[in-house]
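Engineer: Sending over a structure as structure tokens; questions will come in a sec.
Laboratory data are not the source of any read-out in this text; all were calculated from the coordinates shown. Just so you know, these numbers come straight off a predicted model, no measurement behind them.
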């Protein structure tokens, strides 16, 4: 398991690092997850590597990948923030899009979209227009979906699936006289 | 060292479970009259605040936010198995630190929620948490609000499987095999009435799969 994750870390390196003269901070960067690679290739993404710890206010006007630790606040109005699988963020976040693979303790306000991937753990409130949560993600907090633009259709529940067990109303008659439930 | 206190909370159906593991297995679709009635009650207006005390479920979040509601998620069973909560019980054994649990969880305003999805958690929670948790939820619910719960019947045994409940539609739940919590107890109808004695009314629905559905009005 450890080996394979190292391979993933190392695999994309040639795509984003010039072989001759890598910038001095590159060694601290990590590119651990497939979904992060495209944005890294674009070359317009700032990255906080997994060995970097930041305390204070982070703000900017370009996309940001956090795979290290941030404590404070993050404000990327109009931009995207990706919390990598090694990312540990204790901060309130404002951005256009927020994608979480790692751990966040704090509130997220995204004007467009929040994505919690299966490895994500988020303790905090979410305010956004759209949200996507993968099976396996952990979430503790409140989700407030902002009203869609006028003319946007309201999301409908999925169609009904076939039933394996039906239920019918019954009266509140008692099943026994025990005062405590049966314990195992 | 794994505290012995929690060892009896894992097991069930012979499955191994690790933290938040979703056990592979076929999802079961289950029609639910009680849930249908619950959804009817919360569909009369938008902007309600719904509390889901089960495992994080993308389907539930999608469904409830799709109805225009705010959605609050808090996995009370997972929180209850935090090893940091284990304290000595004075008899050489261990128990759960109830005060710390409620310091760290379920910190809501009075009357904050319009509806609660409690699922079958009362059957799986550690004993010291059950009644205080129901009381805490009572405070957090608005008068007239609704709670949906499920209880195993007397035919269920300690190896009854633990499922995540995912909303498939307004009257269908999808049961997803999940971390193997062990069934702790069986409530009969009188126990359930006693558990929710501070609430204004209870309505039972009996299913064909050893599960009773309960709608509780605050």
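Engineer: When all alpha-carbon pairs of chain B are counted, what percent fall beyond 26 Å? If you can, show how the numbers build up before the last one.
Structural biologist: Working: 7716 of 23653 pairs.
Result: 33 percent of Cα pairs exceed 26 Å.
Engineer: A further question follows. Sort out for me the Cα centre separation of segment A:65-100 from segment B:161-184, rounded to whole Å.
Structural biologist: Here the two parts' Cα centres lie 32 Å apart.
Engineer: Now for a separate question. Rounded, prolate or oblate: which fits segment B:149-218 when a ≥ b ≥ c are the square roots of the eigenvalues of the alpha-carbon gyration tensor, with rounded for a/c under 1.5 and prolate only if a/b beats b/c?
Structural biologist: Details: a/c = 1.96, a/b = 1.26, b/c = 1.55.
Judged from the Cα gyration tensor, segment B:149-218 comes out oblate (a/c at least 1.5, b/c at or above a/b).
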